[in-house]
Structure formats: C-alpha cells, structure tokens
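A quick write-up on the structure given underneath.
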Amino acid sequence: MSLCGSVSALNLRWEKGIPKSTTRCCSPSSCEKSNGLAFWGSEFVGGSLKVSGRYVNRKLSKGTLQLKVVCVDYPRPQIDDTANFLEAATLSASFRASARPSKPLKIVIAGAGLAGLSTAKYLADAGHKPVLLEARDVLGGKVAAWKDNDGDWYETGLHIFFGAYPNVQNLFGELGINDRLQWKEHSMIFAMPNKPGEFSRFDFPDLLPAPINGIWAILRNSEMLTWPEKIKFAIGLLPAMLGGQSYVEAQDNLTVQEWMRSRGVPDRVTTEVFIAMSKALNFINPDELSMQCILIALNRFLQEKHGSKMAFLDGNPPERLCEPIVEHIQSLDGEVRLNSRIQKIELNNDGTVKRFLLNDGSVIEGDAYVFATPVDILKLLLPNDWKEIPYFKKLDKLVGVPVINVHIWFDRKLKNTYDHLLFSRSPLLSVYADMSVTCKEYYNPNQSMLELVFAPAEEWISRSDSEIIDATMMELAKLFPDEISADQSKAKIMKYHVVKTPRSVYKTVPNCEPCRPLQRSPIEGFYLAGDYTKQKYLASMEGAVLSGKFCAQAIVKDYEMLVAREKRRVAEAGVR
C-alpha cells in the first residue's frame, strides 16, 4: 500500500489575494493541478527562487496572484524534561557556574568540526581563551557545506537531528536557535524494493509513552515483518531494553548479523530493516557493523518518547549552526582561524607538546592543546615518540569509513517523495531526502533536489562522479518508476554535486569500543575530542558535541595542574 507523507499539494483558489480553501490531499500523485506544496505550520516563504543559475518563474493564469508557499513544521517535541536532556543541561551549566580562572588558559584546538567547536564553546563559557584552528576555509568538519556558482548549497552529508540528541538539543537552546530545526512527523519511512515506488512506515503515536509508542509502531507495520518475525525480534531485544548501557557495550564483540542469529532472530529481519539502519548509522552493512551501534540507537529510540523524532536544519550547517557557535566563542574573547592547517606537533624534551607548527611556517603555543580532528588525521600527525604508548597505539583499530554524498537537481518536482528522511533500502544508497521540500533554505516549488547518501562506498570512492551518478540514477529509477529513468527520458538532471569523504566517522566494527580513547591523554596538557573518543553515543553529531564537553570538562578540572606546568616551563626557560 502506497502511503502519503506530510507533504501535500494545494489547490488554491484566489479571491482578492486570500485563499478560499486549503485542503490536504490523500495522495500527492493525485494532485496534478496543484499550485504549490504545503508544509504544516510556520511562516511564509516564496518569491522567485534561483535554481541552477537562473530564476524560475511560472506563467500565471490571467487574474491570478503570485502564490506564497506555507512551510509548516511540527512543534518542537517535549524533550526538555527527559533525564538525558537534564543531564546534558547540568553539564552545560557547570561550565558557566565554574569559578572564574585567575589566569585564563590559552587552549589551542585543532579542527573546527562540531567536536572542536563544542570544546571551544564550553571552555569559553568557563572563562578560558580557546584558539580554534581549522585547516580548510569552511567550518563544520563532517557537517561542512559549500555554495556553488548558482548559489545552491551542497553538503558533506545528510544530517538529521534526533530528539535523542540531548547535548545537541541543549546546544541549540543555549545559542537561541531552536527555531532553526524543522521537526518532521514521528515516523520512519522505508522504500519497498519489491513494490517499486511504494513505501512502508513505522508511525509512533504521540499519545503513547515510550517504549509503548515504539512497540506500537513496530506491531502496526504489517508490510515489512511478519508476526512471528516481530515476536522473535522482540524477545531477542528484551535483554537490551532491560540491561541498559552495560549490556549494550558488552555486545561490541558481535556484528549485527551474528547477534541476530545468536538470538534466533530470522535473517529476514536483518534484510528487511537492519541493512537500512546499519547503512544509515555507520555506512556499512550488518555483516560488518558492531551490534553495539544498533543497540545504542534502539535503546534511545525505544526508551525516550521523542527519541526517534527527526528534525532537519533549516539551511546550510556552516551558517545556520556553526556560525552561531563561532559568534558565541568570539563574544567571550575566543578566536577561530580558518585556513590554519597543522603540519607538525612539536614536542618538548619531556615528550609534552611545545607548539603546533602550521603549513604557512608560523607556530602557535598554548597552555594546553586539543586535537579535535578525525582520528585518521590525528594518526597522520602523531609524533613518533608517542606511537607506541598504549593510549595512542589502540587508535590503529579505529579507521574512518568512506562515504559519498550525492546531490541531484532535477528539471521537475518529483511527486513520489515526502517531507521526511527516507530509507532507500537500495544496495547502493542509504538514506535520502528531497531537500527542496524538507529544508526552507533549499525550498523550490518547481524542481526537486535529492540529497542521497551513497553507501557502502568502499568500492566506489575512487570511481568518477559520472559513474556514481549513473549508478544512483539506476537506483532512483526503482524508487521513482513513473518519474525517473536511468536514461533521463523522464526527469532530467539539471546539475549534480558528488562529495566524497574517503575517511568519515570511524568504522564501528566489533571490538572497537576498548580502543576509543578518553579525552584526557597520558601526555600532560594534550587532549582529544571527536565522536570516536569515549562517550555513550554513536559516532554522530551528538557524540561529537558530547566529546567536546567532556574534553572541556577535563581541561577545567586540570586547571591547577596546567597553570603549575606553565610556571614550571617559564622558570626552566629563565634558567637556560
């Protein structure tokens, strides 16, 4: 059964500029005479929209007025009173409430992704002076985005903000930008490969508490799993729901496929649901992914009523999320420097960090140093003297996974899509969204822009962009059989962007958990931040932000030691 999402076409009749009626259609495909697209709630947007370097203007019938498009978001869910949100809020408040340092520390931080930005933000809140260095000319790291010559944005990844991201949600509130999240209906929507063009949904009822709302969503779906499969899966999952975080971490030694089989869960459950989830969470398949990763997500989604509720950012991440963090840091006398790539970590005679040498030949010194880059970059720059230290040696196991993000602008508005994240269940694609519908800044009433995650990407990362687009179009022809064909005889590509990340989040294969380092290293005055470091969430935006808070917390706790270390260094320099 084909199901309609939260995007609906409007057939508006105008009289003196006021619509007489606004009706929701039961099926987008039935609204061929519609004049625009409706989103529930929010403010008016519209006017001429620039697409592929030229303005798109629709020819209006005589006597009609230019339409405005109503973009409606769902209300922000009630997450502020959950235990995890309050725990995150308490940690945030601890920085603002900490005693003001008599001598603020200068902390040099490498990497202006969410981990580095978070570290700098909370250190500034605590009264210190972070200096954040970013190698590239754009903020965001794994959430970076760029504007092309037509003024359109393309991103490193398709980023979703969950209700179960308490530290991220607190960060938005602290910056006063909660209104920049566009919350979607509480559903998970999967394509049906055996029924091209159709979707199956897991709808979470708002009236039911967790975990009943999640169980109800699973039980109500009769298209993907049979009743015996649901029962066996529920029985297999019960220990995870009862055992909590300790049970979850203990499953790190098993792949998703191994865990499912050991619990008697039929392989079809893995094929129908968890291939899609595995690729969405870590860009790899269930025969490689650690079951710990799936259980962390399921625990949050099932234990928190709004945990699995999703939101899209209302525009590009560097401007809409990262810039407010930078402005906050700078308002507290911190610094953020782009185009500042680190060439070498120079050491003192005792093996501690002396300074960072930059590619332009300049050097920068501080009272403490943080590496908030991806783990692969850290390993490339790790001093030889440190490589055999067990803390750093264990990092060999942590390797970034390749991922490709694809953006395709079409010459028409696709009908078989939703105002939501969609699980493609394709062998080559993970998740996708029509960003011309889901995101206000990218909105276009006449043409669709699909953003897709191409995964697993191991075999594709070295292939040409045109090969990747051709393969993507073949998969899209299955998802949109009435609208897209691989030869472009139907919807035509106006332009595309392919963003390759050869090493993205660390590949969460079994037995990685013991290799994740704490934020405080054994090297005095040297710290790590990043979603690969030790914290209870996935390699995700939430994990990155929380790692930054933990890193800042460690530095604040080490304040007296770091001040004494600096005094010692100055005294020794004076003697020489």
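The values are calculated or read from the model by the stated rules, or taken from the named source; none is laboratory data. Source: prediction; values computed, not measured. Every residue, glycine as well, gets a Cβ built from its backbone with ideal geometry; the counts of neighbours run over all protein chains shown. To get the accessible areas, we keep the full protein, side chains included, count just its heavy atoms, and leave off ligands, DNA and RNA. Shrake-Rupley method; radii C 1.70, N 1.55, O 1.52, S 1.80 Å.
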Inset, instruction - Would you mind classifying segment 514-568 by shape? Square roots of the alpha carbon gyration tensor eigenvalues, ordered a ≥ b ≥ c; an a/c under 1.5 is rounded, otherwise it is prolate if a/b is larger than b/c and oblate if not. - result: prolate
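For segment 455-537, would you read off the P(r) tail past 21 Å as a percentage of all alpha carbon pairs?
On the way: 1878 of 3403 pairs.
The proportion of pairs with Cα distances above 21 Å equals 55 percent.
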Inset, instruction - Step through the residues of segment 243-248 one at a time and calculate ³J(HN,Hα) from phi using the Karplus curve (6.51 cos²θ - 1.76 cosθ + 1.60, θ = phi - 60°), rounding each to whole Hz and writing x for Gly and Pro. - result: x, x, 4, 5, 5, 4
Inset, instruction - Over all alpha-carbon pairs of segment 209-306, lay out the pair-distance distribution in 10 Å bins, whole %, shortest bin first. - result: 16, 52, 32, 1
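Which of the GluC sites (Glu not before Pro) across segment 448-493 are loop residues per DSSP, with 11 or fewer other Cβ within 10 Å?
Hits after loop and neighbour filter: E459.
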Legend entry - Dimensionless Rg over Rh [the chain; C-alpha; Kirkwood]: 0.99
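Considering only the other residues whose Cβ falls under 10 Å of the Cβ of S187, what net charge follows from Lys and Arg at +1 and Asp and Glu at -1?
On the way: positive: K184, R201, K309; negative: E185, D203.
In short, +1.
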Legend entry - Entries of K147/K397; K103/K393; K279/K490; K309/K490 with Cα pairs more than 32 Å apart: K147/K397; K103/K393; K309/K490
Inset, instruction - Could you check how much of the accessible area of segment 465-540 is carbon and sulfur, as a whole percent, using a 1.4 Å probe? - result: 54
Inset, instruction - Considering only DSSP beta bridges where both residues belong to the chain, give the percentage that are antiparallel (nearest 5). - result: 75
Inset, instruction - For segment 320-419, run through the GluC sites (Glu not before Pro) and keep only the ones in DSSP coil with at most 15 other Cβ atoms within 10 Å of their Cβ. - result: E365, E388
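Suppose all protein chains stay in the model; what accessible area per residue would a 1.4 Å probe give for the chain, in Å²? Mind showing how you got there, number by number?
Working: 24030 Å² over 576 residues.
Using a 1.4 Å probe on heavy atoms only, each residue of the chain averages 42 Å².
Kindly provide the helix-only [θ] at 222 nm of the chain, computed as the sum of -39,500 (n - 2.57) over DSSP H runs of four or more divided by all residues, to the nearest 500 deg cm²/dmol? Before the final figure, lay out each step's value.
Numbers: 15 runs with 171 residues, N = 576.
That calculation yields -9000 deg cm²/dmol at 222 nm.
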Legend entry - Accessible surface of segment 228-327, 1.4 Å probe, proportion on carbon and sulfur as whole %: 55
